[in-house]
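S.K.: So that we are looking at the same thing, I have put the structure below in structure tokens.
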Amino acid sequence: MSGTLNKVMLIGHTGDDVKMNYFEGGGSIGRFPLATNETYTNRTTGEKVSNTEWHNIVVRNKAAEICEKYLKKGDKVYIEGRIKTRKWQDDQGNDRYSTEIQCTDFTFLTPKNETGSMPPSQSVGNSTSSGSKATDQSNDVHEPIGEEDDDLPF
């Protein structure tokens, strides 16, 4: 196989609200930290060990605006995207590197009753051919359309 793959899937909690940057021409970028946790038991001591890994998430355009509106610090979210490392120079001229997750898809996992304003489940795909889309994937019981008293045996 000659192809390569750069794909990341994360489920974690946001470490801060989404910070937005807007550009001329209407483009925007949202950034926020995401924490993932690993917990295991040390075999020799028997104590539980917990490690937290922080990821820098970058979301663009309409998806960034949706994240800014619904994601708050501490919310649980599924992120799908790719790893990108940027090189930049600090004030002293030293080369610095920053590794980010360029988000291509996400799903909000925090229940509505815990944040107050977020839909129960929100998924947004970010693709160049179809643009951004939002779909409500909740499994709530829906009210019947039309007459409620029918003669169905079940």
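Read-outs throughout are calculated quantities, based only on the coordinates presented, and are distinct from any laboratory measurement. Fair warning: this is a prediction, and the values are worked out from it, not measured in the lab. A quick note on method: Cβ atoms are made from the backbone with ideal geometry, for glycine too, and the neighbour counts reach across all protein chains shown.
S.K.: Search the stretch 58-96 for residues being part of a helix (DSSP H, G or I) and among the aliphatic types (A, V, I, L, M), and hand back the single one that is farthest from THR4 (Cα to Cα).
M.R.: Only one residue tops the list, namely ILE66.
S.K.: May I ask you to list the residues in the stretch 48-82 that are loosely packed, with under 14 Cβ neighbours inside 10 Å and in contact with a strand residue (DSSP E or B) (Cβ under 7 Å, 6 or more places away or on another chain)?
M.R.: Initially, the stretch 48-82 is screened for residues loosely packed, with under 14 Cβ neighbours inside 10 Å, giving 48-54, 69, 73, 82.
Residues satisfying the conditions are LYS48, VAL49, SER50, ASN51, THR52, GLU53, TRP54, LYS73, ARG82.
S.K.: Is there a residue being among the acidic types (Asp, Glu) and part of a loop (DSSP other than H, G, I, E, B) anywhere in the stretch 8-22?
M.R.: The answer is yes, given that some residue of the stretch 8-22 is among the acidic types (Asp, Glu) and part of a loop (DSSP other than H, G, I, E, B).
S.K.: Give the number of residues within the stretch 97-113 that are out of contact with any helix residue (DSSP H, G or I) (no Cβ under 8 Å at 6 or more places or on another chain) and in a strand (DSSP E or B). Before the answer, list the steps.
M.R.: Step one: filter the stretch 97-113 for residues out of contact with any helix residue (DSSP H, G or I) (no Cβ under 8 Å at 6 or more places or on another chain), giving 97-102, 104-105, 107, 109-113.
Subset that is in a strand (DSSP E or B): 97-102, 104-105, 107.
Selection size over the stretch 97-113: 9.
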